[in-house]
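Derivation of every value follows stated rules applied to the coordinates shown; laboratory data play no part. A quick note: this is a predicted structure, and the numbers were derived from the prediction, not measured. FYI the Cβ positions are ideal-geometry reconstructions off the backbone, even for glycines, and counts take in every protein chain you see.
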Amino acid sequence: MLRAKFLAADVGITGANFLIAETRTSVIVTNEGNGDLTQILPRTHIVIASIEKIVATLEDAAQLFRVLSRSATGQDMSVYTTFSTGPRRPDDPDGPTEYHVVILDNGRSSMLGGEFEDMLRCIRCGACMNHCPIYQAVGGHAYGWVYPGPMGAVLTPSLIGVAEGGQLPNASTFCGRCEEVCPVRIPLPRMMRHWREREFERGLSPAPVRYGLGFWAFFARRPALYRLATAAFVKALNLAGRGRGRFSSLPLAGGWTKYRDLAAPEKATFQGLWRAKSGAVK
């Protein structure tokens, strides 16, 4: 049934993993055949891709193909790597009779020369998502727009603005895995930190977050008071969760406990455990 729809379609629309300027070629990289059917069987093939997909030469693209497949799925090469260079020629057995390439900006050029320019190197391999503990826990739909994971947390605010997408960089532990595995070495944690700073400076963070940070900063600037307060707080939480090891509800944490339990903390803070283990007093 699906094959019949491909055969009857007047127009096939694809994206492109790369657009090669030297040969005016669009390339799609897939592990299934529907991409090929979309661009070969219909009468008209329309390619829609953003400006960062353009590479200078075929040799440049060849290097990126190997990096893309290895970082995405661990393959030397994907099952299908398909090149389209114009409409069907008179002696070609198949292919579209019309071929159009639409290159989109959608806010990309405004990233040039700025703090987030490095994000334009992204080849959409998905390695950052595969290694992100937050993405693994919440999934892609939780990001609410086109691009999920660490790369989406940087790219989305760049495209739709910090007022709409500024909350996404907060979904990060800054563990650094995303930058470590990125094949094109995009400093994702640094850029997510920049977005957090901008969100906070503009007062876009929820009031409990802003006041909570101010409350924490008051104690953090006073180490002795900080140690005393955290020790008391951890003991209180531990007593409240004793016997269950978890909280099914907790004040100021309803957004979390609405969907999952919150683990009760250990009986001592990290600083207390460190002093007990090593005798260090900091």
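In plain terms, the chain from Val138 to Glu98 could stretch by 10.2 nm, reckoned as 0.36 nm per residue minus the Cα-Cα distance. In loop segments of the stretch 14-54 as defined by DSSP, the GluC sites (Glu not before Pro) with at most 13 further C-beta atoms inside 10 Å of their C-beta are Glu22, Glu32. Note on the stretch 2-104: Cα convex hull, mean projected area over all directions, 6.8 nm².
Taking every alpha-carbon pair within the stretch 134-173, the share separated by more than 15 Å comes to 25 percent. What's the magnitude of the charge dipole for the stretch 2-104 around its Cα centre, counting Lys and Arg as +1 and Asp and Glu as -1 at the beta-carbon? Answer in Debye, nearest 20. In total the dipole reaches around 200 debye. Across the chain, the relative contact order, built from alpha-carbon pairs under 8 Å that are at least six residues apart, equals 12 percent.
Computed from label points 7 Å out along Cα-Cβ, the spacing between Ile160 and Leu252 is 3.0 nm.
Screening the chain for whole DSSP H helices with an alpha carbon extent of at least 15 angstrom along the helix axis and a mean Kyte-Doolittle hydropathy of at least 0.5 yields 149-160, 207-220, 223-240.
Inter-part distance, the stretch 187-207 to the stretch 122-155, computed on C-alpha centroids, equals 17 Å.
With distances taken between every two different alpha-carbon atoms, the chain has a Kirkwood hydrodynamic radius of 22.7 Å. At a Förster distance of 45 Å, what's the computed FRET efficiency of Thr73 paired with Phe200, Cβ-Cβ distance as r, to 0.05? The value I calculate is 0.75. For the stretch 95-184, the C-alpha radius of gyration divided by 2.2 N^0.38 Å, with N the number of residues, is 1.21.
Under the combined filter of DSSP loop state and at most 10 neighbouring Cβ atoms within 10 Å, the stretch 197-226 retains these trypsin sites (Lys or Arg not before Pro): Arg221.
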